[in-house]
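Visitor: Before I ask anything, here is the structure I am working with.
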Amino acid sequence: MMKNKPKILVVDDSKNICNVLRRILSKEEYAVTMAEDGEAAIQKVFEWLPDLILLDLMMPKMDGLEVCRRLKSNYKYNFIYVIMLTAKNSAEDEVAGLDIGADDYVAKPFNPTILLARVRRGVRLMKEKLDATFDSLTRLYNRRVFDAFLQQEKAKFRRYNHSFSLILIDLDHFKKVNDTFGHKAGDMVLQEVARFLREDTRDADLPARWGGEEMAILLPETDMKGANILAESLRQRIERHHFPQVGHITASFGVASMRDDESDLVETADRALYRGKQMGRNKVVVAT
Ligand code: GH3
Ligand code: MG
């Protein structure tokens with residue numbers, strides 16, 4: 001994603017400050033979007049997934065601290081770098097912001113050069129963090145992190161007998177999407193499907209990019225029935241969605257739950273997925 005312009009969300013209820021910030025940020029190559037209050041900010045985060053947020057503290061509806069708290073307590077979004085914009089001389093605000101997980105703060109009124117330097121630093125730090133943990137195209141967890149979580153869930157299963165489930169997702173005839181509409185359009189489809197996975201999973205679930213056009217979701221404390229419901233609702237959401245440039249696509253799902261220590265969950269889910277493909281695609285198949 002850093003091949004593209006870094007995405008910056010500016011959140012402030014003052015139009016004036018928004019415009020000033022937009023002008024300052026336009027000195028460098030950023031994509032900038034505005035939100036005028038906390039609720040709008042959260043909505044924009046879901047839809048647009050910024051890399052960095054310039055977040056005002058005092059706002060109507062939901063204040064900056066609450067926005068920051070929500071994002072930082074949700075690991076699907078907590079990698080987003082948050083710079084708080086605090087009123088001058090408010091040590092309390094700064095402390096509260098940092099305690100809640102804000103990455104940095106800049107006091108108002110701000111010095112444009114310093115603000116830009118802070119933004120540059122944020123974008124740089126964020127990229128390092130991102131590359132280690134997340135897939136750069138979809139910003140789902142990468143395979144390495146997924147494997148680590150899978151090992152942990154297996155250990156919890158052995159020790160406490162906590163069951164968990166796994167969903168494997170493979171887009172149908174995706175090669176044709178690339179061939180027909182181009183690789184870039186294909187990338188956008190992957191990003192959009194990744195957004196569905198983020199939005200429709202619980203906070204404790206772990207959606208990841210498995211590789212290529214395959215994705216996976218690890219579902220702690222979830223039985224086969226629960227996993228099946230999620231997979232089916234995702235299948236329907238993908239089927240119904242109109243993807244810009246591409247139109248309609250479908251995906252196949254393999255679902256498996258932990259039963260005994262011996263079973264290789266990934267292999268089991270993969271076999272179920274393969275059966276879904278054989279049965280004509282656009283299917284959820286639960287391993288039995
Ligand atoms: P099936 O329904 O059997 O899954 O057919 P398929 O075409 O989806 O499967 P196949 O394995 O033949 O092709 C997968 C395609 O996914 C080919 C590859 O170019 C594409 N792909 C993998 N990773 C990416 C990516 O990051 N971006 C884009 N645009 N395409 C990708
Ligand atoms: Mg495929």
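The values are calculated or read from the model by the stated rules, or taken from the named source; none is laboratory data. From a predicted model like this one, the values you see are computed outputs, not experimental measurements. Methodologically, a virtual Cβ is constructed for each residue, glycine included, from the backbone with ideal geometry; neighbour enumeration extends over all protein chains shown. When the accessible area is computed, the model is the full protein with side chains, heavy atoms only, and any ligands, DNA or RNA have been set aside. Shrake-Rupley method; radii C 1.70, N 1.55, O 1.52, S 1.80 Å.
Visitor: Please state which one of Arg271, Arg275, Arg281 is open to solvent by 70 Å² or more (accessible area, probe 1.4 Å), in contact (Cβ under 8 Å) with a residue 24 or more places away in the chain and not polar (S, T, N, Q).
Guide: Of Arg271, Arg275, Arg281, the one residue that is open to solvent by 70 Å² or more (accessible area, probe 1.4 Å), in contact (Cβ under 8 Å) with a residue 24 or more places away in the chain and not polar (S, T, N, Q) is Arg281.
Visitor: Between residues in region 148-173 that are at positive phi and residues that are open to solvent by 40 Å² or more (accessible area, probe 1.4 Å) and within 16 Å of ligand 1 (Cβ to nearest atom), which pairs lie under 8 Å by C-beta distance while being six or more apart or on different chains?
Guide: That search, which allows pairs on different chains as well, returns His173/Arg281.
Visitor: Could you list, in sequence order, the residues of region 187-211 that are in contact (Cβ under 8 Å) with a residue 60 or more places away in the chain and within 16 Å of ligand 2 (Cβ to nearest atom)?
Guide: Across region 187-211, the qualifying residues are Val189, Arg209, Trp210, Gly211.
Visitor: Restricting to region 122-172, name every residue that is of a type in the set (Phe, Trp, Tyr), closer than 18 Å to Met215 by Cα and part of a helix (DSSP H, G or I).
Guide: Phe146, Phe149
Visitor: Being away from ligand 2 (no atom under 16 Å from the Cβ), hydroxyl-bearing (Ser, Thr, Tyr) and either in contact with a Cys (Cβ under 7 Å, 6 or more places away or on another chain) or open to solvent by less than 60 Å² (accessible area, probe 1.4 Å) (or both) is the requirement here; does Thr250 meet it?
Guide: The answer is no for Thr250.
Visitor: Within region 1-40, which residues are β-branched (Val, Ile, Thr) and in contact with a helix residue (DSSP H, G or I) (Cβ under 7 Å, 6 or more places away or on another chain)?
Guide: If the condition is that a residue be β-branched (Val, Ile, Thr) and in contact with a helix residue (DSSP H, G or I) (Cβ under 7 Å, 6 or more places away or on another chain), then Ile8, Val10, Val11, Ile24, Val32, Thr33 are the ones that fit.
Visitor: Need pairs with beta-carbon distance below 7 Å; first residue touching a residue at least 12 places away in the same chain (Cβ under 8 Å) and within region 234-254, second polar (S, T, N, Q) and exposed (fewer than 12 other Cβ atoms within 10 Å of the Cβ); sequence gap 6+ or separate chains.
Guide: none
Visitor: Scanning region 186-208 for residues that are more than 20 Å from Gly254 (Cα to Cα) and out of contact with any strand residue (DSSP E or B) (no Cβ under 8 Å at 6 or more places or on another chain), which turns out farthest from ligand 1 (Cβ to nearest atom)?
Guide: Only one residue tops the list, namely Asp203.
Visitor: Oh, and also: Condition first: under 22 Å from Ala287 (Cα atoms), open to solvent by 10 Å² or more (accessible area, probe 1.4 Å) and away from ligand 2 (no atom under 15 Å from the Cβ). Now tell me which residues in region 159-186 satisfy that.
Guide: Across region 159-186, the qualifying residues are Asn161, His162, Ser163.
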